[in-house]
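**Q** Just dropping this structure here.
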Amino acid sequence: MDKGEKMNAIDEIKATFEKQKKNENIPTDSFYRKENEEAISQAAEYSCLYAREVLKDRFELGEKSISKNAEYSYSYALYVLKGRFELGEKVISKSANDSYYYARYVLKGRFELGEKVISQNAYYSYNYALGVLKGRFELGEKSISQDAKYAYYYALDVLKGRFELGEKAISKRANDSYSYARYVLKGRFELGEKVISQDTSYSYSYARDVLKGRFELGEKAISQDTFYSYCYARYVLKGRFELGEKAISQDAHYSYCYALDVLKDRFELGEKAISKDAKYSYWYARDVLKLT
């Protein structure tokens, strides 16, 4: 019986059950039903569907077929048995995805048989630790440590502290290095400073939020951007930022603000840009040069 015929068999049996509910005289244990159940039982997918949608109960005849497929073993356990399906655990344990979901939503606890395969994937290792074990998952730490994002999340959400094994991977990404320093270490992360220094935004944020002071390694990147050069001067250095003045001077708004808020005096390099804007020319004359 091919796929279409098996699906038709399920539809026919569902129709039969509906007629029985209406008290029509159709024998429940007819040869017709047995014949179709034997065919259905040969396919994991349709055995699972038949149990879930038609019988709405266990389908023992199809469990052998179901137990050979991880996805349907998990679904059968979750939606039909609403509990452990021991016959299918061996095949489930070969899939990181199904092992994790089986542990979390069926067993609602540790699934030791599946831990080896889970441990080979950073995403599932992190989620298994967080959602199932609710604590450290040592077997999966090697995989987690090789993924910057999950190494950071594992430190933040599971360990709630430093994750030395994952720091090499974390240090390769500016966003994770910054976040790891700020939210996990709550202080300087030297290993990640090189990559942070290559990103304007994270260099500024690292100086402001983590170091709470000058970040010399990141100043070259910061100096390429008008907005961050101004912010770095005003909120981090709280004074002149010579390296960023060229970028600032290209913008009338930030040239005016830099003169007013940082230098508190004339900013000659930015006057050309200011002079091209009537509003800022007026404000610059009034507030900085004090010509009025």
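Derivation of every value follows stated rules applied to the coordinates shown; laboratory data play no part. Every value quoted in this text rests on a predicted model; they were computed, and no experiment measured them. As a convention, Cβ positions derive from the backbone with ideal geometry for all residues, glycine included, and neighbour counts pool all protein chains shown.
**Q** I'd like to compare 200-211, 49-60: which one has the highest average count of other Cβ atoms within 10 Å, and what's the full order after that? Provide the component values of the computation, followed by the final result.
**A** Numbers: 200-211: 21.3, 49-60: 16.7.
Ranked by mean Cβ neighbours within 10 Å, highest first: 200-211, 49-60.
**Q** Among 211, 181, 126, whose Cα lies farthest out toward the positive end of the dipole of the chain, if unit charges sit on the beta carbon of Lys, Arg (+1) and Asp, Glu (-1)?
**A** 211
**Q** Now a separate question. How large is the dipole of the range 218-292 about the Cα centre if only Lys and Arg carry +1 and Asp and Glu carry -1, each at its Cβ, rounded to the nearest 20 debye?
**A** Result for the range 218-292 is approximately 160 debye, rounded to the nearest 20.
**Q** Compute the acute angle (0 to 90°) between the alpha-carbon long axis of helix 31-40 and the principal axis of greatest extent of the alpha-carbon atoms of the chain; round to the nearest 10°.
**A** Orientation of helix 31-40: about 40 degrees from the principal axis.
**Q** Residue 263 to residue 113: extension gain in nm, 0.36 nm per residue of separation minus the Cα-Cα distance?
**A** Working: separation 150, 0.36 × 150 = 54.00 nm, distance 6.61 nm.
Separation in residues times 0.36 nm, less the Cα-Cα distance, equals 47.4 nm.
**Q** Another question about this same structure. Describe numerically, in nm with one decimal, the distance between label points set 7 Å from Cα along Cα→Cβ at residue 120 and at residue 172.
**A** Roughly 2.0 nm, to one decimal.
**Q** Another question, if that's okay. Helix 3-21 against the longest principal axis of the chain: what's the angle in degrees, Cα atoms only, rounded to the nearest 10?
**A** With rounding to tens, the tilt is 70 degrees.
**Q** Let me ask another. Per-residue HN-Hα couplings for the range 230-240, Karplus 6.51 cos²θ - 1.76 cosθ + 1.60 at θ = phi - 60°, whole Hz, x for Gly and Pro?
**A** Those phi angles translate into 4, 5, 4, 5, 6, 9, 9, 6, 6, x, 4 Hz.
**Q** Give a residue-ordered list of calculated ³J(HN,Hα) values for the range 80-85 (Karplus: 6.51 cos²θ - 1.76 cosθ + 1.60, θ = phi - 60°; whole Hz; x for Gly, Pro).
**A** Ordered by residue, 3J(HN,Hα) equals 9, 6, 6, x, 4, 10 Hz.
**Q** Using every Cα-Cα pair within the chain, state what percent have a distance larger than 26 Å. Spell out each step's value before the answer.
**A** On the way: 27479 of 42486 pairs.
For the chain, the share of Cα pairs beyond 26 Å comes to 65 percent.
**Q** On full extension of the chain, what length is gained from residue 287 through residue 190, given 0.36 nm per residue of separation minus the C-alpha to C-alpha distance?
**A** On the way: separation 97, 0.36 × 97 = 34.92 nm, distance 4.17 nm.
Working it through step by step, the gained length comes to 30.7 nm.
**Q** Further, regarding this structure: Taking the Cα centre of the chain as the origin, how large is its charge dipole in debye, to the nearest 20, when only Lys and Arg (+1) and Asp and Glu (-1) carry charge on their Cβ atoms?
**A** Numbers: 49 positive and 44 negative charges, 227 e Å.
The calculation lands at about 1080 debye.
**Q** Pop out the ³J(HN,Hα) list for the range 71-79 in order, Karplus 6.51 cos²θ - 1.76 cosθ + 1.60 with θ = phi - 60°, rounded to Hz; leave Gly and Pro as x.
**A** Taking θ as phi minus 60°, the curve returns 4, 6, 5, 5, 5, 4, 5, 6, 9 Hz for the range 71-79.
**Q** Follow-up. Any idea how far the Cα center of the range 206-224 sits from the one of the range 104-143, in Å?
**A** The distance from the Cα centre of the range 206-224 to that of the range 104-143 comes to 38 Å.
**Q** Given H placed 1.01 Å from N in the peptide plane, which residues other than close sequence neighbours of residue 94 have an amide H under 5 Å from its amide H?
**A** none
**Q** Hey, another quick one. Can you tell me how much longer the chain between residue 58 and residue 211 gets when fully stretched, taken as 0.36 nm per residue apart minus their C-alpha distance, in nm with one decimal? Mind dumping the intermediate values first?
**A** On the way: separation 153, 0.36 × 153 = 55.08 nm, distance 6.10 nm.
Value of the extension gain: 49.0 nm.
**Q** Given labels modelled 7 Å from the Cα in the Cβ direction, how far is it in nm from residue 160 to residue 79?
**A** Output for this residue pair reads 3.8 nm.
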